[in-house]
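Structure record follows, encoded as structure tokens.
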Amino acid sequence: MTAKKREIPEPVKQFGQKILKIRLEKNLSQMDVGALIGIDRENIRKYEKGIQEPRLTTIVKFAKGFEVDFNELLSYKAS
């Protein structure tokens, strides 16, 4: 019996794309970001690839470290 691959939710993928974009705009390596916000480089890689869903506290760390609005990382816009 083969295990089914878990579908990655779209917001998780979008979060990963957003933090990758911001990291590259700021010319930071994954190691730099890890040191900045206190998260292991391997976890940052997983977040960027959208294969690991971040906790709320992790999203806040990215927002503070990148000096961006929390909602920007989540691609959320109020109607």
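A few notes on this one:
- Just checking the listed ones, Leu24, Leu36, Leu56: in the Gaussian network model of the chain with Cα springs under 10 Å, the one fluctuating most is Leu56.
- Inter-label distance, nm, simple model (7 Å from Cα along the C-beta direction), Phe70/Lys49: 2.9 nm
- Separation of the Asp32 and Val60 label points, Cα + 7 Å toward Cβ, nm: 2.6 nm
- The stretch 10-74 - percent relative contact order, Cα under 8 Å, separation 6 or more: 42 percent
Computed from the coordinates by the stated procedures, all read-outs in this text should not be read as laboratory data. Owing to the predicted nature of the structure, the values given are computational and were not obtained by experimental measurement. Neighbour counts are summed over all protein chains in view; Cβ atoms, including those assigned to glycine, are modelled from backbone coordinates with ideal geometry.
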